[in-house]
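Written out below as structure tokens is the structure these notes cover.
The values are calculated or read from the model by the stated rules, or taken from the named source; none is laboratory data. All values reported here derive from a predicted model rather than from experimental measurement. Here Cβ is always computed from backbone atoms with ideal geometry, including for glycine, and neighbour counts include all displayed protein chains.
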Amino acid sequence: MGFLRGLFLLALAVISVIASQHAHAQVTAYAVGQGAVNSVEVGVEVRASVLGRCGFATSGAPTGTIDQPDFDQSGFTRDFAIQLNCTGASRIAVSSANGGMMNAATGGTGYQIKAPYNVALYVAADNGTNASATCAAATLAAGGSCTFAGTAGTATGLRLGGASTKANGSYLRVSAPAYAGTDTLAAGRYTDTLSITVSVSP
């Protein structure tokens, strides 16, 4: 008898839990015809964000070489196309390995083994704005004073204020007039390497 009484109490407990859960569900919403409330209005706020990105577009980094014979007499100029992939403001910077075109030969008295040249940057945004500057390669070496010298960072490099994600005609230009220095350039090959970096900018 005690066993049956315990079983009966247990059954009541289970029924009590089920009934309680059912009553709670009915407080939330009623089926059609079962009560005054047939819908529940819920406010949901949706938020999302897009992180800024900045770099060179695929095949958009300026690459290539110049091989100009007798540049001391004729000079040279060449443009290298740039295409950025920056969803906001950006900075682009340039550094020169030698601060000019260097001859591996040893120069003697009255001879020069480093030839000067210039580097120009022109970058354009999708909204039509642009930024440009020109510096001597000598000012692009480590510690140089050019406004876009060094490695691009949030405060370093030529700043473009708008997003640039298309082929907007941006370029890096290297050029030099015929050599006019007092010391003669020693015969041989002259080389320099430019490194171009890009960064997001506040």
Original post:
Restricting attention to segment 164-202, which residues are among the aliphatic types (A, V, I, L, M) and within 27 Å of Phe71 (Cβ to Cβ)?
Top reply: Leu172, Val174, Ala176, Ala178, Ala180, Leu185, Ala186, Ala187, Leu194, Ile196
Original post:
Which residues, taken from segment 172-191, are within 30 Å of the chain's Cα centre (by Cα) and either outside the structural domain of Thr77 (by TED's automatic domain parsing) or surrounded by fewer than 18 Cβ atoms within 10 Å (Cβ to Cβ) (or both)?
Top reply: Arg173, Ser175, Thr191
**OP:** Being assigned to a strand (DSSP E or B) and touching a residue at least 12 places away in the same chain (Cβ under 8 Å) narrows it down to one of Asp72, Asp79, so name that one.
**Re:** Asp79
Original post:
Where in segment 137-202 are there strands (runs of 3 or more DSSP E), lying wholly inside it, with at least 3 residues that are closer than 30 Å to Thr106 by Cβ and touching a residue at least 40 places away in the same chain (Cβ under 8 Å)?
Top reply: 170-176
**OP:** Only residues that are loosely packed, with under 14 Cβ neighbours inside 10 Å and β-branched (Val, Ile, Thr): list them for segment 152-163, please.
**Re:** Thr154
Original post:
Which residues, taken from segment 54-67, are surrounded by 15 or more Cβ atoms within 10 Å (Cβ to Cβ) and assigned to a loop (DSSP other than H, G, I, E, B)?
Top reply: Cys54, Gly55, Ala57, Gly60, Ala61, Pro62, Ile66
Original post:
Could we say that Tyr111 is surrounded by fewer than 19 Cβ atoms within 10 Å (Cβ to Cβ), touching a Ser or Thr at 6+ places or on another chain (Cβ under 9 Å) and among the aromatic types (Phe, Trp, Tyr) here?
Top reply: yes
Subject >> Residue count for segment 85-100, restricted to those that are in a strand (DSSP E or B) and surrounded by fewer than 24 Cβ atoms within 10 Å (Cβ to Cβ) >> reply: 2
Original post:
When you look at Gly107, is it of a type outside the set (Lys, Arg), out of contact with any helix residue (DSSP H, G or I) (no Cβ under 7 Å at 6 or more places or on another chain), in a loop (DSSP other than H, G, I, E, B) and at pLDDT 95 or above, yes or no?
Top reply: no
Original post:
Is it fair to say Ser90 is touching a Gly at 6+ places or on another chain (Cβ under 7 Å), of a type in the set (Gly, Ala, Ser) and touching a residue at least 24 places away in the same chain (Cβ under 8 Å)?
Top reply: no
